[in-house]
Amino acid sequence: MDLKFERARAPLRGTLEMPGDKSLAHRAALFAALAGGESAIARFPDSGVTRAMRNALAALGVPSSLDDGTLRLSGTAGRPFPAAGATAFCGNSGTTMRMLAGALAMTGTGARMDGSAGLRRRPMERIAAPLREMGAEISTAPGGTAPIDVAARPDGRPLSPFDGSIPVASAQVKSCIALAALGASGPSTIREPGPSRDHTERMLRHMGACVRAAPEAGPHAIRVEPLERPLAPLRISLPGDISSAAFALAAAAIVPGSEVAVRGVCLNPGRTGILDCLSAMGAEVAVSGVRDCAGEPVGDVLLRARPLKAIDVSGGMVVRAIDEFPAIAAVAAFAEGVTTVRDAAELRGKESDRIAAIVRNLRALGAEAEESPDGFSVRGGTLRGGVAEAGGDHRLAMSMAVAGLAAPEGVTVRNAEILSESYPSFAADIRSLAVR
Ligand code: S3P
């Protein structure tokens, strides 16, 4: 499918509600599968990556139903998944594969995990190595990639506690090890080189687990106690996804005179880097109505377009905006000066090599953009428009389409159907903001 966005002739106006947050949805479905009893999760998003988690759980014998946006499933109370020995196909979803590995290790379930050709290229030793340290038998394909085989622990022997560091600041890796730690013989300490989103810690606490920050063990360490009783089932409604909102906010930022609000999005501080970047670029960003939703801050965001200037993004900001660089690149293409991103080599291991893909697409649209080993730069005001290629990456598809709203020649995105992996109503939502 080709998706074409023409240059907007008038400011964008309106208020949007985003689909439920993907990161929370993955966790909610998986943790509910480990809980004792039936969970009901409202506003559960129905997209490619969340279907990957549901399908993987169903293959392991934990089916779920999704009616009127509410996901229901019955957990195994921490016992091995019923269809042990199955292959759980994780589609394109790295979050599914990495967190599921932790759940298999925790419950002692033997299974194979596999995924799409894209997922088979992504690094998996980062979870396998620490799980092995805990005594799990786990093997990856040559190159440290999927398929991954986890062996059953039929004797019910617990894992050894983890006391060490994980190689990258990654919520997926931290979550995998934290889940395994729930099934260990004593408390675990997990140290990260930098801070990452803490959805897992918050949700596990909400379900009765003992998981806390451990400043005594390091600046980015957590301590996880083994479960004494099964996790309590979930009865929650998921807040909106700030990673989807990023595209609506980016669109509003680059179309002069725009004023766009997104209501009820998750504002976990590990995810709000996009708001800080947009505001550092000059957009007026106001957050209001912040409330608590099952341990997560949730609120409304209003963005008013203002003249944009380039920024430098590096260090701790990178992980807080890790999924938002395609959107940031689209905004940078219309900001005055050269925006530079550094310390972001992790972007090369996402749904695509996002550094290469962002630069290739910006150049195809006429913009001056350069790659570096750990980032990229883009000179604002040089993007004319033309044809971009999604290349199997949902966020690339949406960011390049958004760029079309301010590009003199508009932008056509080839193979844009991939965007339904995460935000199926993207095009309709953005078009609804056009002032009629
Ligand atoms: C996610 C964490 C991030 C992010 C991914 C979702 C999560 O990955 O890129 O889209 O839900 O924990 P890393 O933690 O590996 O950086």
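Please note which strands (runs of 3 or more DSSP E) are completely contained in segment 214-271 and include at least 1 residues that are of a type in the set (D, E, K, R) and over 30 Å from LYS309 (Cβ atoms).
221-224, 235-237
Being away from the ligand (no atom under 16 Å from the Cβ) and either surrounded by 15 or more Cβ atoms within 10 Å (Cβ to Cβ) or touching a residue at least 24 places away in the same chain (Cβ under 8 Å) (or both), is that true of even one residue in segment 189-196?
yes
Which of the numbered conditions does ARG153 fail, given that it passes all the others? Conditions: (1) modelled with pLDDT of 95 or more; (2) surrounded by 20 or more Cβ atoms within 10 Å (Cβ to Cβ); (3) away from the ligand (no atom under 16 Å from the Cβ).
Against the list (1) modelled with pLDDT of 95 or more; (2) surrounded by 20 or more Cβ atoms within 10 Å (Cβ to Cβ); (3) away from the ligand (no atom under 16 Å from the Cβ), ARG153 comes up short only on (1).
Can you pull out every residue in segment 382-404 that is among the hydroxyl-bearing types (Ser, Thr, Tyr) and part of a helix (DSSP H, G or I)?
Answer for segment 382-404, where residues must be among the hydroxyl-bearing types (Ser, Thr, Tyr) and part of a helix (DSSP H, G or I): just SER399.
Could you check GLY208 against (1) modelled with pLDDT under 95; (2) at positive phi and say which number it fails?
All conditions pass for GLY208, except number (1).
Let me spell it out: the conditions are (1) surrounded by fewer than 18 Cβ atoms within 10 Å (Cβ to Cβ); (2) touching a Ser or Thr at 6+ places or on another chain (Cβ under 7 Å), and HIS199 meets all of them except one. Which number is the exception?
(1)
Within segment 116-144, how many residues turn out to be in a loop (DSSP other than H, G, I, E, B) and free of Cβ contacts under 8 Å to residues at least 60 places away in the same chain?
10
Only residues that are closer than 17 Å to SER170 by Cα and either out of contact with any strand residue (DSSP E or B) (no Cβ under 8 Å at 6 or more places or on another chain) or modelled with pLDDT under 95 (or both): list them for segment 322-344, please.
Hits for segment 322-344 are ILE322, ASP323, GLU324.
Identify all residues within segment 368-390 that are surrounded by fewer than 21 Cβ atoms within 10 Å (Cβ to Cβ) and closer than 18 Å to ASP323 by Cβ; write none if there are none.
Residue satisfying the conditions is ASP374 alone.
Being within 12 Å of the ligand (Cβ to nearest atom) and aliphatic (A, V, I, L, M) is true for just one of ALA178, ALA217, ALA253. Which residue is that?
Result of the check over ALA178, ALA217, ALA253: ALA178.
Just to be sure, is SER185 in the same structural domain as ARG153 (by TED's automatic domain parsing) and of a type in the set (Ser, Thr, Tyr)?
yes
Sort out which residues of segment 165-175 are part of a helix (DSSP H, G or I) and either among the hydroxyl-bearing types (Ser, Thr, Tyr) or away from the ligand (no atom under 12 Å from the Cβ) (or both), and write them in order of number.
If the condition is that a residue be part of a helix (DSSP H, G or I) and either among the hydroxyl-bearing types (Ser, Thr, Tyr) or away from the ligand (no atom under 12 Å from the Cβ) (or both), then SER175 is the only one that fits.
Output the residues belonging to segment 294-314 that are outside any loop (DSSP other than H, G, I, E, B), crowded, with 17+ Cβ neighbours inside 10 Å and of a type outside the set (Asp, Glu).
Within segment 294-314, PRO297, VAL298, GLY299, VAL301, LEU302, LEU303, VAL313 qualify.
Checking VAL290 against (1) in a loop (DSSP other than H, G, I, E, B); (2) aliphatic (A, V, I, L, M); (3) more than 16 Å from the ligand (Cβ to nearest atom), which single condition isn't satisfied?
Checking VAL290 against (1) in a loop (DSSP other than H, G, I, E, B); (2) aliphatic (A, V, I, L, M); (3) more than 16 Å from the ligand (Cβ to nearest atom), the one that fails is (1).
Being among the β-branched types (Val, Ile, Thr) and within 19 Å of LEU278 (Cα to Cα) is the filter; apply it to segment 325-365 and report the residue that is nearest to the chain's Cα centre (by Cα).
Selected residue: ILE328.
Consider segment 203-213. How many of its residues are outside any loop (DSSP other than H, G, I, E, B) and either of a type in the set (A, V, I, L, M, F, W, C) or within 12 Å of the ligand (Cβ to nearest atom) (or both)?
4
Condition check: out of contact with any Leu (no Cβ under 7 Å at 6 or more places or on another chain) and in a loop (DSSP other than H, G, I, E, B). Does ALA84 satisfy that?
So ALA84 passes the test.
Identify, please: which residue in segment 277-299 is of a type outside the set (A, V, I, L, M, F, W, C) and touching a helix residue (DSSP H, G or I) at 6+ places or on another chain (Cβ under 7 Å) and is, among those, nearest to ALA310 (Cα to Cα)?
Within segment 277-299, the match that is nearest to ALA310 (Cα to Cα) is GLU296.
List every residue pair whose Cβ atoms lie under 9 Å apart, where the two residues are 6 or more positions apart in sequence or sit on different chains, the first residue falls within segment 145-172 and is among the basic types (Lys, Arg), and the second residue, located anywhere, is not in a loop (DSSP other than H, G, I, E, B).
These pairs meet every condition: ARG153/ALA105; ARG153/THR107; ARG153/LEU159.
Check off (1) closer than 30 Å to LEU302 by Cα; (2) out of contact with any strand residue (DSSP E or B) (no Cβ under 8 Å at 6 or more places or on another chain); (3) not charged (D, E, K, R) for GLY69 and give me the number that stays unchecked.
(2)
Within segment 1-42, track down each residue that is part of a helix (DSSP H, G or I) and more than 13 Å from the ligand (Cβ to nearest atom).
ALA32, ALA33, LEU34
The values are calculated or read from the model by the stated rules, or taken from the named source; none is laboratory data. The structure presented is a predicted model; accordingly, all values stated were derived computationally and were not measured. As a convention, Cβ positions derive from the backbone with ideal geometry for all residues, glycine included, and neighbour counts pool all protein chains shown.
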